[in-house]
Amino acid sequence: MTVLTAPPPASTAADLVATIGLHAEQRGHELALRFLRRGEHVDEEASYAELDKAARTIARNLAAAGLAGRPVLVALPQGIDFVRCFLGCLHAGVIAIPTPALGDPRGADRLLRIAAHAQPAALVAPLDRHDTAHWTALRERAPSCRFLAIGDLLAGEAGERTAPRASGDVAFLQYTSGSTSQPKAVVITHGNIAANLAMIRTAFAQDASNSTVSWLPLHHDMGLIGCVLEPLVIGASATLMSPLAFLQRPLRWLRAMDRFGATTAGAPNFAYGLCARSIDAAEASTLDLSRWSLAFCGAEPVRADTLARFSAHFAGSGFSAKAFYPCYGLAEATLFVTGGVPGQGVATAALPRQGGGIADVVSCGTPRLGTSIAVLRSDGAAHVACGETGEIAVSGDQVSPGFWNSDGRVAPDPEREVVIDGRRYLRTGDLGALRDGALHVLGRLKNMIIVRGVNIYAEDVEQTVLTHPAAAAFEAAVALSILDRADGEGEVEGFVLVCELSRKGETVAASALQALTQAVAEVHGIMLLAVLVVPYGDIERTVSGKLQRPATRSSLQEGRLTALQHHTPGRGGIAVQHARDRS
């Protein structure tokens, strides 16, 4: 079986803003959202009645400003105002564009690129961000963009509740995560939102009695859709903190889970590994995580060993390994595509490793509510055999109709679309295999090189390195696929490995680097072109902490990486500075 299709939904998915309005009428006093300043102190809370009223007030002011049907940047800091504004845009028929906050230096370049591409009619931010160099720089990229203070939008009377928008109307633009050098604007319709929230509700099997804690950025799909909109549509509560609060001290996330008795939380794979490394046994012993019944993990390849380390480390805190919920999704499908059965924990399948041997790959479950997935050959012309690796393609009501062009048109990417049995599928660029009736995700197609006819994936190389005892001093590692012009030997295709020391890490022995090189050679059949050791923080990351290979490659090429150690196995003198981007 190389196509996996879920039974269709029994009824039409509910409209998000109409459902929140119903919650406001029926249980308006109940908590909807809470925000923790520095991840520790309750800064603000909003009931369902207050949230609904604030969204309708913002909608009235946006409509009065003539912004219906036009793109508007939601450039607010992490917090409840961000959610109020986003919901207000949905009410008013404004095309919301979630972005990093205006004035946040970590997201400044991304915000400028988004503004230049989207050419928005307006930007929403706190008033104190108006007379700043950040706003001046943005206006140079988008001259027609006007500044709207969130305080002004929250003033005045609330508008009336409106009829649900047509399912094909554009709701918001989700710019891709930033792990690529040139993010695109994925168009998400009101119908896409409704369909995906219904899928998640079915997959998670949760209701209003559940509660969530999240540090994930609200301008990314997992943070916004999975950790805010989903709790709101089922009438649950969500506690939020900033990504920086978590990254500075991961204990804050788990302590909030304990403090508020939360049942649900999720993050990319790296976050669970970071918690297991940075929270010591004494701190873990103070936590009660026994009520955490669904710990979803996605947005990057899920590693069984990472989740096992987390489970073992926090077993004494009451965390159950059965709470883990590996899943798969992407912005072009709104968020969720596949997931397992809650309470069953992590399942793996033994799949052939590229280059020989067998690897245990985590199951990311099955699709829901009429969604279909297929695994295709690299040319997209046919399916691969069951259990073989290919490109994942997805079809369903949650799949975006296309990308937003700067002239305001919605256009599908013909190179990413394929028709199977009369049904439109989107090629994801992700590699996976179907085994035992479930999807197993291996990584990104663009992070692959071909060595002597064998496919080698960057994620696999990184996993081999980080699980080796010689890598104990490293916080992270990225394998960068490059073409290198070696003197006298022509072009050589392969990987340069960049290893980032932990916060307390020191330089490592040359024998350790040699051991890592040998492990990669033995497992994958390739010789690394070079191994670089860099200080903590040198590897480029997104705001949510995901590794950015293209940006790190650019830093390598432009000489911006601080190489504390440089190991060139086997060949000597690899001219890394001349590497060319293959992606």
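Coordinate-derived values only; no laboratory data. Here the structure is a predicted model, which means the values were calculated and not measured. So basically every Cβ, Gly included, is an ideal-geometry build from the backbone, and we count neighbours across all protein chains shown.
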Contour excess over end-to-end distance, with Cα ends at Thr202 and Arg259 and 0.36 nm allotted per residue: 17.8 nm
FRET efficiency for Ala472 and Arg139, using Cβ-Cβ distance with R0 set to 60 Å, rounded to 0.05: 0.80
Phi-based couplings in Hz for region 148-164 (Karplus 6.51, -1.76, 1.60; Gly and Pro marked x): 10, 7, 4, x, 5, 5, 8, 8, x, 7, 6, x, 6, 5, 9, 5, x
Helix 510-524 vs. the chain, principal-axis angle (Cα, 0 to 90°, nearest 10): 80
Karplus 3J(HN,Hα) series, Hz, for region 19-34 with 6.51 cos²θ - 1.76 cosθ + 1.60 (x for Gly, Pro): 5, 5, x, 5, 4, 4, 6, 8, 8, x, 7, 6, 5, 9, 9, 9
Global form of region 90-190, assessed from the alpha-carbon gyration tensor, a/c cut-off 1.5: oblate
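Once the Cα gyration tensor of the chain is diagonalised, what are the square roots of 5 times its eigenvalues, in whole Å and ordered largest first, as equivalent ellipsoid semi-axes?
After diagonalising the Cα gyration tensor, the semi-axes are 38, 26, 26 Å.
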Placed amide H near Arg435: partners under 5 Å, 5+ positions off or other chain: His440
Under DSSP loop assignment and at most 11 Cβ neighbours within 10 Å, longest GluC sites (Glu not before Pro)-free interval of the chain: 161-488
Theoretical ellipticity at 222 nm over the chain - DSSP helices of four or more residues, -39500 (n - 2.57) apiece, nearest 500: -8000 deg cm²/dmol
Distance violations [Cα-Cα > 29 Å] among Lys504/Lys546; Lys322/Lys546; Lys322/Lys504: Lys322/Lys504
HN-Hα J in Hz across region 111-122 - Karplus 6.51, -1.76, 1.60, θ = phi - 60°, x for Gly and Pro: 4, 5, 5, 5, 4, 5, 7, 7, 6, x, 7, 7
Under 5 Å, built H, 5+ apart or other chain: amide partners of Ser400: Ala333, Thr334
Extension gain from Thr162 to Asp421, taking 0.36 nm per residue of separation minus the Cα-Cα distance: 89.4 nm
His130-Ala155 pseudo-label distance in nm [points 7 Å out on the Cα-to-Cβ vector]: 0.9
Potential extension, Arg249-Ala281 segment - 0.36 nm per residue separation minus Cα distance: 10.0 nm
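Among the trypsin sites (Lys or Arg not before Pro) within region 358-449, which fall in a DSSP loop and have no more than 15 other Cβ atoms within 10 Å of their own Cβ?
Arg377, Arg409
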Overall form of region 216-365 per C-alpha gyration tensor (a/c, 1.5; a/b vs b/c): oblate
Computed label-point distance, nm, for sites Glu44 and Ser290 using a 7 Å Cα→Cβ extension: 3.6
Within-10-Å neighbourhood charge of Leu240 [Cβ basis; K, R +1; D, E -1]: -1
Crossing angle, helix 269-278 versus the chain [Cα axis fit, 0-90 degrees, rounded to tens]: 80
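Would you mind counting up the charge near Leu111? Only other residues with Cβ under 14 Å from its Cβ, with Lys and Arg at +1 and Asp and Glu at -1.
Net charge around Leu111: +3.
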Rounded to 5, the percent of DSSP beta bridges in the chain classed as antiparallel: 70
For region 254-321: rounded, prolate or oblate by the Cα gyration tensor [a/c cutoff 1.5]: oblate
Förster radius 45 Å - calculated FRET efficiency between Glu25 and Gln119, Cβ distance, rounded to 0.05: 0.70
C-alpha long axis of helix 190-204 to longest principal axis of the chain, angle in °: 70
